[in-house]
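**Student:** I am attaching a structure below and will ask some questions about it afterwards.
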Amino acid sequence: MLLWSRTSRAVVLAVFAVLVAVVVVAPLGTVLLAAVAGRWTGALPAGLTGAHLGEALGPEGLASLLVSVQTALLAGIASVVIGSWAALSAASAPGPMRRLVLGVCHLPIAVPSVVVGLGLLIAFNRPPLLLGGTRWIVILAHAVLVLAFTVSTVSAGLDRLDPAYELAARSLGASEARVLLRVRLPLLLPSLAAAAGLAVALSMGELGATIMVYPPSWRTLPVTIFTLSDRGDAFLASASTVVLLAVTALLLFALSRIRSRAALR
Amino acid sequence: MTALAPARPSSAGALPKVPAAAWVLPPLLAVLGFVGWPLVTVLGESVRDRAGAFSLASWSAVLGSAEFHNALWRTAQIAVGSTVGALVLGSFLAVVLAFVPFPGSGVAARLIDTVLALPSFLITLAFTFLYGSAGVLQALVHAVGGPGAQLPPILTSPLGVILAEITFFTPFVVRPLLASFAMLQREQLEVAASLGAGPLRVLRTVVAPEALPGLAAGGSLVLLLTLNEFGIVLFTGAKDVITLPVLIYTRGVVSLDLPGAAVVATAQVVLSLLLYGVYRFGFARLHGDGRDEQPTDPMEGAGHVAVVAHQ
């Protein structure tokens, strides 16, 4: 509706297609192709092989993958619990208090993840809480980093909630706890599932904070991918990235099932 | 155990009577302890000498070093370059998606969203195959210019990092822009065109004012994220492309100079928080009413994509 002549439309759409191909399709497609390519020295990859994917799912890769999945799930649960608590309590708190809570929760978005990692490394390598060198510092780092996203997702869900339900429940004499557990949380379930999905997706790809704090016994898949890429094994790094994306998509699919089931109710 | 019994709520299902504000305290304390406190310790570490006494030695050593100056300059250069690039590219993509409808535009929009769901280092990994010394582009250059034709080393140059960041962060501009365009009445465009305004004039006088808040929000968000970007630069692995986050990593983890890393980190946090303040303040003002304490974070675009994958 902006361009009325046939030629100008065609020109603009052609440029658009080229840009989307270069900016979006090429990077994703390249990694997918490299994961199954035997060699890639010319314009096109050659020698279809499953060897890289097989190695990416070998003992070392599988161990990293399991670490990533456990980290994502634990950090996701922690951040959804704390994040929904923060969002729910902030919604009924007085203005300055609400701004303080939401502001502090959003802090990790504003500072680089490397700094979040450095802070945790310094703060929890000394008493009273010694977490350095354990898996818990990695899980804590992930939980802290995704908290901002779970808080915003749940807050947005709360804003869209129809207050009529809880008002009706209260007028019928339901206690605050009953309103929360039987009315507000069930209505919020789609938002909670969305927040969990977001948390898991972000956690699976997290690199900056993890690389600052991880102990050798708890190496996530992105860190492994960096090690592979750093020593020049770009094919195996690509295959591991494809595995990472596939498993993330699977986890999100499972969460979206919960979400759509919650939305049906 | 019995000593705890009286603290329980007397009737089943009733919460103890506490003011609503008190419910904020547990998450607030958790966040202050696990987010605020570590940032304070970073500042504390930066003003400590090896014996643990107060000292500004690390500050003067780092702030005076060429390494820090280069990293600061490089970070600013890459962030500004990437932001400008993402704004230009993102505006074009959003305008086409919104106003030049074509079959498959939904798929294209979904595809652009997908990038939000990917880890940033994937872009650098792909660039190795596309623009590396044995990559696709090099092969094409050989094919066109003969075996002697050499591609400049784009991959490990600041330009390569800027291109990778433009690729990764453009969707962060497209999403808020599409949201602003959705508010625009299509008839306005058609009336303007039927009155004889050319496409450029329509863009300038009808679309641009509507797009400004979205552009400002997307642009400042991308500037913040590119200042903080780590994965893309780390995977590039070039010796002469050291940004502040990479400097924090090499100082803190590779050479185990925690006070030095803490100084760089503090400087970076000040920079990022200033920008974040401008972003939140500016965005809230652009949206005007001030009712919305929590402006719709374009980062929730991530949230939308959570269905596909993420942020």
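A short reminder: the numbers here are calculations on the coordinates, not readings from a lab. If you're wondering where the values come from, they're calculated on a predicted model, not measured in any experiment. Cβ coordinates were reconstructed from backbone atoms using ideal geometry, including for glycine residues, and neighbour counts include every protein chain displayed.
**Student:** What is the magnitude of the charge dipole of segment A:63-193 about its Cα centre, with +1 placed on the Cβ of each Lys and Arg, -1 on the Cβ of each Asp and Glu, and no other charges, expressed in debye to the nearest 20?
**Tutor:** 140
**Student:** Rank B:Ile248, A:Ser240, B:Val136 by how far each Cα sits towards the positive end of the charge dipole of the protein assembly as shown (+1 on Lys, Arg Cβ; -1 on Asp, Glu Cβ) and give me just the farthest.
**Tutor:** Looking along the dipole axis, the top candidate is A:Ser240.
**Student:** Within a 10 angstrom radius of the beta carbon, how do A:Met97, A:Met212 rank from fewest other beta carbons to most? Can you show the working numbers first?
**Tutor:** Numbers: A:Met97 17, A:Met212 26.
By the 10 Å Cβ count, ascending, the order reads A:Met97, A:Met212.
**Student:** For helix A:234-264, report the angle its Cα long axis makes with the longest principal axis of the Cα atoms of chain A; keep it between 0 and 90° and round to the nearest 10°.
**Tutor:** 30
**Student:** What order do you get for A:Arg6, A:Arg261, A:Arg98 when you list them from fewest to most C-beta neighbours inside 10 Å? Don't skip to the answer; put the middle values down first.
**Tutor:** On the way: A:Arg6 8, A:Arg261 12, A:Arg98 21.
Lowest to highest Cβ neighbour count: A:Arg6, A:Arg261, A:Arg98.
**Student:** To the nearest whole number, what is the average tally of beta carbon atoms from other chains within 10 Å of the beta carbons of peptide A:15-21? Walk me through the numbers before you get to the answer.
**Tutor:** Working: counts 2, 9, 4, 0, 5, 8, 1.
Mean shielding by partner chains, rounded to a whole number: 4.
**Student:** Convert each backbone phi in segment A:212-228 into a coupling constant with the Karplus relation 6.51 cos²θ - 1.76 cosθ + 1.60 (shift: θ = phi - 60°), then list the ³J(HN,Hα) values in order as whole Hz, x for Gly and Pro.
**Tutor:** 7, 10, 5, x, x, 7, 9, 9, 6, 4, x, 5, 4, 4, 4, 4, 5
**Student:** Between B:Leu43 and A:Ser217, what FRET efficiency follows from the Cβ-Cβ distance if R0 is 22 Å, with the result rounded to 0.05?
**Tutor:** 0.15
**Student:** So how do B:127-140, B:161-174 stack up, highest first, on mean other-Cβ count within 10 Å?
**Tutor:** Numbers: B:127-140: 18.8, B:161-174: 26.8.
Going by the mean number of other Cβ atoms within 10 Å, highest first, we get B:161-174, B:127-140.
**Student:** Could you tell me whether segment A:1-89 comes out rounded, prolate or oblate from its Cα gyration tensor? Rule is a ≥ b ≥ c as square roots of the eigenvalues, rounded for a/c under 1.5, then prolate if a/b exceeds b/c, otherwise oblate.
**Tutor:** On the way: a/c = 6.41, a/b = 1.25, b/c = 5.15.
Since a/c reaches 1.5 but b/c is at least a/b, the shape of segment A:1-89 is classed as oblate.
**Student:** In debye to the nearest 20, how big a dipole does chain A give about its Cα centre with +1 on each Lys and Arg Cβ and -1 on each Asp and Glu Cβ?
**Tutor:** Numbers: 18 positive and 9 negative charges, 139 e Å.
It works out to roughly 660 debye.
**Student:** Here is a further query. Which of the chymotrypsin sites (Phe, Trp or Tyr not before Pro) found in segment A:22-128 are loop residues per DSSP with 11 or fewer other Cβ atoms within 10 Å of their Cβ? Don't skip to the end; give the middle numbers.
**Tutor:** Details: sites: A:Trp40, A:Trp85, A:Phe124; in loops: A:Trp40, A:Phe124.
Here no loop site has a sparse enough neighbourhood.
**Student:** Something else now. Dipole of segment A:219-265, Cα-centred, from +1 at each Lys and Arg C-beta and -1 at each Asp and Glu C-beta, to the nearest 20 debye?
**Tutor:** Working: 6 positive and 2 negative charges, 96 e Å.
Magnitude of the dipole: close to 460 debye.
**Student:** Toward the positive end of the charge dipole of segment B:103-237, about the Cα centre and with charges on Cβ (Lys, Arg +1; Asp, Glu -1), which of B:Val233, B:Leu163, B:Gly148 goes farthest?
**Tutor:** Farthest towards the positive end: B:Gly148.
**Student:** Name the long-range amide H neighbours of B:Arg48: under 5 Å, sequence gap of 5 or more, or other chain; modelled H, no Pro or chain starts.
**Tutor:** B:Ser55
**Student:** Can I ask one more? If packing is taken as the mean number of other Cβ atoms within 10 Å per residue, what is the order of A:142-148, B:247-253, highest first? Spell out each step's value before the answer.
**Tutor:** Working: A:142-148: 27.4, B:247-253: 23.7.
Going by the mean number of other Cβ atoms within 10 Å, highest first, we get A:142-148, B:247-253.
**Student:** Suppose R0 equals 25 Å. What FRET efficiency, 1/(1 + (r/R0)^6) with r the Cβ-Cβ distance, do A:Asp233 and B:Gln77 give to the nearest 0.05? Let's see the in-between values first.
**Tutor:** Values: r = 31 Å, r/R0 = 1.22.
It comes to 0.25.
**Student:** Per Stokes-Einstein, at 20 °C and 1.002 mPa s, what whole-number D in µm² s⁻¹ belongs to chain A, with the Kirkwood radius over Cα pairs as the hydrodynamic radius? Present the calculation step by step, with values, prior to reporting the outcome.
**Tutor:** On the way: Rh = 21.4 Å.
Answer, rounded: 100 µm²/s.
**Student:** Here is a further query. With θ set to phi - 60° and the Karplus curve 6.51 cos²θ - 1.76 cosθ + 1.60, what are the ³J(HN,Hα) couplings of segment B:91-96 in order, to the nearest whole Hz, using x for Gly and Pro?
**Tutor:** Whole-Hz 3J(HN,Hα) from phi for segment B:91-96: 4, 4, 4, 5, 4, 5.
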